[in-house]
Amino acid sequence: MSEVAKIELDGKVYEFPVITGTENEKAIDISALRSKTGYITLDIGYKNTGATQSAITFLDGEEGILRYRGYAIEEVAEKSSFMEVAYLLIYGELPTQKQLDNFIQSITRHTLIHEDMKQFFEAYPSKAHPMGVLASMVCSLSTFYPESLDPNRDAAAKDLTIHRLLAKLPTLAAWAYKNSMRHPFMYPKNDLDYCSNFLHMMFAMPTYDYDVDPVISSALNKLLILHADHEQNCSTSTVRIVGSSQANLYASISAGITALWGPLHGGANQAVIEMLEKIHKDGGDVAKFVAKAKDKNDSFRLMGFGHRVYKNFDPRAKIIKKACDDVLNKLGVQDPLLDIAKQLEQVALEDDYFKARNLYPNVDFYSGIIYKAIGIPTDMFTVMFALGRLPGWIAQWKEMIEKGEPIGRPRQVYVGETPRSYVSIENR
Ligand code: CMC
């Protein structure tokens, strides 16, 4: 007999089916709760609420496990290219050589953006945060491809929109940076791979070529893979919920980019470096900042520490920490911020406050140090996260659209005023 959960309300017992995932995760299916009982559930921050049944990414926060379509993150980060991972997430299987070649060829063909979009960039102030520029530009793509406004077109039309977006995001990201410097835009070079082409658009100038260092492009490949999907996090849930209204892919991803921007989510990588710089400038007294983070009267938090779901360790952080050492060694970079980061990690991991709350370094703790070492400016760090997360957002949007999920629309418990008589302005 299949498992059921019983809920007793007002003296009556109701039964609800229990759903078991392929990794034995259990959920009580309360889809019929309100219609059967008149009650809703309250779960602020959705700490216990499953919003969907997804076949893309498996994550076990207690055991520190992360898998894309069943493949361990450690293996994927070691053996794959970002394009293979994008294909895997979006289409469900690792591509054959032919499938990969076709995928890359299609993406490479769409790397240019419409010349008229150049004028949009020029209208932004040079100090504009690139995340603001990126989110607007991605939404603007929908105005150039009006046929993409309908998310339910046939598979080939949907694929074209997906490939366009994957192809154009690096161009938009690099041009947001170039524009902030008031440097000329560099056009994509289609004989380069995805990561090398991005680095070329970021760092080459019309007056000189930029020889892409394989150490840098392989580090970028790994970072993008590690960020590629993370099941129902804040920005992915945003993409799914915006997309559930049947808004187009560009609009849905643009919303995901803005959700990612916040310092509690993708913006943490920028916040970590700013925090490490602050500690460094202050004389490097790590213990002082750990004490501040523990002080409930102080709003300071250790950025790059803690995670909503990882309560043991973040498997991505383990890989990044090692990659960070490798990259800095290979490039011969000595960064005092890395020493501060390591001290901070040591002090925090031995501290009862952090131990009791299961607070460990997350993916963003070391990624900023690598970005800094490879020449990415600090306010572009979250843009790098967005580049990495794009395949995951797309895969989650596609899954939601193809399953025909209903519009996302939570309920609330109203705690405001009960009915009262209107008071005219002279009597207020
Ligand atoms: N420094 C100090 N205390 C912390 C921290 C921190 N970084 N994170 C959590 N705590 C404390 C928090 O004050 C609370 O203590 P208490 O129980 O005494 O009130 C307890 O730990 C639980 O924290 P929470 O805020 O209720 O946990 P949450 O699951 O709602 O938040 C988080 C998760 C990631 C937003 C939070 O840990 C945080 O703000 N971390 C710093 C920002 C950060 O690094 N974000 C990147 C996340 S990884 C990249 C991504 O996927 O977005």
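The values are calculated or read from the model by the stated rules, or taken from the named source; none is laboratory data. Keep in mind the model is a prediction, meaning the values are calculated, not measured. Cβ: placed from backbone, ideal geometry, glycine included. Neighbour counts: every protein chain shown. Side chains are part of the model used for accessible areas, which takes the heavy atoms of the whole protein and leaves out ligands, DNA and RNA. Shrake-Rupley method; radii C 1.70, N 1.55, O 1.52, S 1.80 Å.
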| note | Residue hits (segment 148-169; surrounded by 21 or more Cβ atoms within 10 Å (Cβ to Cβ) and either among the aliphatic types (A, V, I, L, M) or without any contact (Cβ under 8 Å) to a residue 40 or more places away in the chain (or both)) are 162, 165, 166, 167, 169
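Conditions (1) acidic (Asp, Glu); (2) open to solvent by less than 40 Å² (accessible area, probe 1.4 Å); (3) in a loop (DSSP other than H, G, I, E, B), marked per residue:
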site	(1), (2), (3)
241	no, no, no
251	no, yes, no
293	no, yes, no
297	no, no, yes
311	no, no, yes
317	no, yes, no
| request: Quick one: count up the residues across segment 379-405 that are open to solvent by 40 Å² or more (accessible area, probe 1.4 Å) and assigned to a helix (DSSP H, G or I). | output: 2
| said: Against the conditions (1) more than 9 Å from the ligand (Cβ to nearest atom); (2) among the aliphatic types (A, V, I, L, M); (3) part of a loop (DSSP other than H, G, I, E, B); (4) crowded, with 23+ Cβ neighbours inside 10 Å, where does residue 303 fall short? Just the number, please. | reply: (1)
| field | Verdict on residue 325 being more than 16 Å from the ligand (Cβ to nearest atom), acidic (Asp, Glu) and more than 30 Å from residue 142 (Cβ to Cβ) | value | yes
| request: Report yes if residue 196 is more than 16 Å from the ligand (Cβ to nearest atom), at pLDDT 95 or above and either in a loop (DSSP other than H, G, I, E, B) or open to solvent by 50 Å² or more (accessible area, probe 1.4 Å) (or both), otherwise no. | output: no
| remark: Inside segment 355-375, the number of residues satisfying the requirement of being buried (at least 23 other Cβ atoms within 10 Å of the Cβ) and within 12 Å of the ligand (Cβ to nearest atom) is 9
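Please determine whether any residue of segment 244-254 is within 13 Å of the ligand (Cβ to nearest atom) and within 13 Å of the chain's Cα centre (by Cα).
No, segment 244-254 contains no residue that is within 13 Å of the ligand (Cβ to nearest atom) and within 13 Å of the chain's Cα centre (by Cα).
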| request: Residues being open to solvent by less than 20 Å² (accessible area, probe 1.4 Å) and either in contact (Cβ under 8 Å) with a residue 40 or more places away in the chain or within 20 Å of residue 392 (Cβ to Cβ) (or both): count how many of those fall in segment 200-215. | output: 1
| request: Please give the helices (runs of 4 or more DSSP H) falling wholly within segment 56-127 in which 3 or more residues are open to solvent by less than 70 Å² (accessible area, probe 1.4 Å) and more than 13 Å from residue 166 (Cβ to Cβ). | output: 73-79, 116-123
| task | Identify the residue in segment 223-237 that is surrounded by fewer than 23 Cβ atoms within 10 Å (Cβ to Cβ) and in contact with a Phe, Trp or Tyr (Cβ under 9 Å, 6 or more places away or on another chain) and, among all such residues, is nearest to residue 66 (Cα to Cα). | result | 231
| segment 240-268 residues that are aliphatic (A, V, I, L, M) and at pLDDT below 95, paired with ones that are open to solvent by 20 Å² or more (accessible area, probe 1.4 Å) and within 10 Å of the ligand (Cβ to nearest atom) (beta carbon under 7 Å, 6 or more apart) | 268/303
| said: Residue under question is residue 235, and the condition is that it be out of contact with any Cys (no Cβ under 7 Å at 6 or more places or on another chain) and at pLDDT 95 or above; does it hold? | reply: yes
| note | Filtering segment 1-31 down to residues that are open to solvent by 70 Å² or more (accessible area, probe 1.4 Å) and either under 14 Å from residue 51 (Cβ atoms) or among the aliphatic types (A, V, I, L, M) (or both) yields 1, 13, 25, 28, 31
